[in-house]
Each structure stands twice: as C-alpha cells, then as structure tokens.
Amino acid sequence: IAPEQGKFLEIIVKLIKANNCLEVGRFTGLSALSMALALPENGSLVSLDKNVDTNKTATGFFKKANQDKKIKTIIRPALQTLSELKQDNRTFDMVFIDADKENYKNYYDKSLDLINKDGLIVIDNVLWHGEVVDKTKNDKFTNTIRDFNYYVKNDKKTEQIILPLGDGFTVCRKL
C-alpha cells in the first residue's frame with residue numbers, strides 16, 4: 001500500500017474503535033503495521049499471507065515498531081484459514097483485503113461471515129491503475145477487478161464506497 005493508504009487505515013481503525021482486525025494478504029507489512037499502531041494495547045491483528053520470505057521482512061518491521069505482540073501471523077493459503085476462523089467463531093471489527101485478485105470475491109464473502117455488524121471491510125486495488133474504467137482494457141486482471149467491483153456494488157449486505165486513494169480502496173460497512 002502507499003503511505004497515505006496506511007495512514008487512512010490507521011485513522012479508520014481509531015474511528016471505529018476496533019479491537020481486533022484481520023488482514024488478508026500482507027506483503028512486507030505496512031498495512032498490518034498501520035492498523036496495529038492504531039489498535040489499543042490489548043488489541044490484536046491476525047495477518048494472513050502465504051509467502052515465507054516477505055513474512056521475515058514484515059515481522060522484522062513489527063518488532064522494530066514494538067507491535068509484534070499485537071500481530072499474529074499465519075502463513076498458509078488464506079481461504080483455508082478464513083474457513084478455520086469461521087469454524088472457531090472468530091469475529092473482527094475490520095478486515096483488510098489485499099491479496100491475490102482472483103480470489104477477492106471469495107475473500108470478501110468469507111470476510112462477511114467474520115465481520116461484526118457495522119464492521120468494515122476495506123479492499124485495495126479496486127481501481128487497478130485506472131484500467132477498470134478504460135473500456136479498451138480487457139485483460140484477465142482488469143476484468144476480474146471490474147467483476148468484483150460490480151459484485152460488491154450490488155451486495156445488499158453492505159453499504160460501500162470506492163475511494164480514489166492509492167490504487168483505490170473500497171470501504172464496506174456490514175449492515
């Protein structure tokens with residue numbers, strides 16, 4: 001994510017007074033760190049990623065910022081972990097999705113089962129470098145994001161807005 005997106009996540013976590021957050025896809029950890037910094041001392045963030053190498057980088061940043069005690073990292077495919085979290089009756093105040101775009105719809109649907117009423121789901125890359133509005137762009141990833149945006153727009157379980165921040169954030173509130 002871009003630095004301004006990190007600050008946005010930090011402010012949103014504070015605004016909704018989140019105590020626990022879930023992140024689907026982490027890369028080097030800026031989004032996780034942004035959310036963790038905003039959580040109260042007893043708050044927690046579960047961060048899902050499948051890349052062992054970027055996990056090492058991210059956990060180094062978490063320790064350096066003294067946020068490692070708030071962040072639980074799970075390294076394995078997210079869809080499997082999301083199902084396990086549901087089986088364990090886990091709930092979250094906020095979910096941030098920034099993983100493989102082909103599974104955005106699946107991550108979104110599974111997140112709806114894990115989010116508290118009035119909780120937020122924030123999804124990154126929904127403007128896809130502006131290509132989603134360019135009718136001449138019809139590659140696989142652009143169409144995947146377009147289809148996802150249409151799906152979320154028509155979902156009656158949430159109210160949502162796309163913000164042109166970074167590569168585009170969709171913010172959804174569970175009804």
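The values are calculated or read from the model by the stated rules, or taken from the named source; none is laboratory data. Because the structure is a prediction, the values reported are computed rather than measured. Cβ coordinates were reconstructed from backbone atoms using ideal geometry, including for glycine residues, and neighbour counts include every protein chain displayed. Keep in mind that these areas ignore ligands, DNA and RNA; they rest on the heavy atoms of the full protein, side chains included. Shrake-Rupley method; radii C 1.70, N 1.55, O 1.52, S 1.80 Å.
When only residues in region 121-139 that are closer than 22 Å to Arg26 by Cβ and among the hydrophobic types (A, V, I, L, M, F, W, C) count, which is surrounded by the most Cβ atoms within 10 Å (Cβ to Cβ)? Step through it out loud before you land on a result.
First, the residues of region 121-139 that are closer than 22 Å to Arg26 by Cβ: 121-129.
Filter again for among the hydrophobic types (A, V, I, L, M, F, W, C), leaving 121-123, 126-128.
Details: Ile121: 25, Val122: 25, Ile123: 27, Val126: 25, Leu127: 20, Trp128: 22.
So, considering only residues that are closer than 22 Å to Arg26 by Cβ and among the hydrophobic types (A, V, I, L, M, F, W, C), the one surrounded by the most Cβ atoms within 10 Å (Cβ to Cβ) is Ile123.
When you go through (1) of a type outside the set (S, T, N, Q); (2) surrounded by fewer than 21 Cβ atoms within 10 Å (Cβ to Cβ); (3) in contact with a helix residue (DSSP H, G or I) (Cβ under 7 Å, 6 or more places away or on another chain) one by one for Glu23, which number turns out not to apply?
Answer for Glu23: the failing condition is (2).
Which strands (runs of 3 or more DSSP E) does region 14-85 wholly contain that include 3 or more residues that are without any contact (Cβ under 8 Å) to a residue 40 or more places away in the chain and farther than 17 Å from Leu120 by Cα?
Details: elements: 20-24, 44-49, 71-75.
Fully inside region 14-85 and qualifying: 71-75.
So Leu85 fits all but one of (1) in contact with a helix residue (DSSP H, G or I) (Cβ under 7 Å, 6 or more places away or on another chain); (2) open to solvent by 70 Å² or more (accessible area, probe 1.4 Å); what number is the exception?
(2)
Residues to consider are Thr142, Thr91, Thr158; find the one that is open to solvent by less than 30 Å² (accessible area, probe 1.4 Å), under 21 Å from Asn19 (Cβ atoms) and out of contact with any Ser or Thr (no Cβ under 7 Å at 6 or more places or on another chain).
Values: Thr142 fails: under 21 Å from Asn19 (Cβ atoms); Thr91 fails: open to solvent by less than 30 Å² (accessible area, probe 1.4 Å).
When all the criteria are applied, what remains is Thr158.
Against the definition (of a type outside the set (Phe, Trp, Tyr) and open to solvent by less than 40 Å² (accessible area, probe 1.4 Å)), how does Leu15 come out, yes or no? Break it down stepwise before answering.
Details: of a type outside the set (Phe, Trp, Tyr): yes; open to solvent by less than 40 Å² (accessible area, probe 1.4 Å): no.
Judged against the criteria, Leu15 is not a match.
So which of Val126, Val122, Val95, Val152 ends up being modelled with pLDDT of 95 or more, within 14 Å of the chain's Cα centre (by Cα), more than 20 Å from Leu45 (Cα to Cα) and of a type in the set (A, V, I, L, M)?
Val126
If you check Asn55, Asn106, Asn19, Asn51, which single one turns out to be more than 14 Å from the chain's Cα centre (by Cα) and at pLDDT 95 or above? Talk me through it step by step, then tell me what you get.
Numbers: Asn55 fails: at pLDDT 95 or above; Asn106 fails: more than 14 Å from the chain's Cα centre (by Cα); Asn51 fails: at pLDDT 95 or above.
None of the others qualify; the one that does is Asn19.
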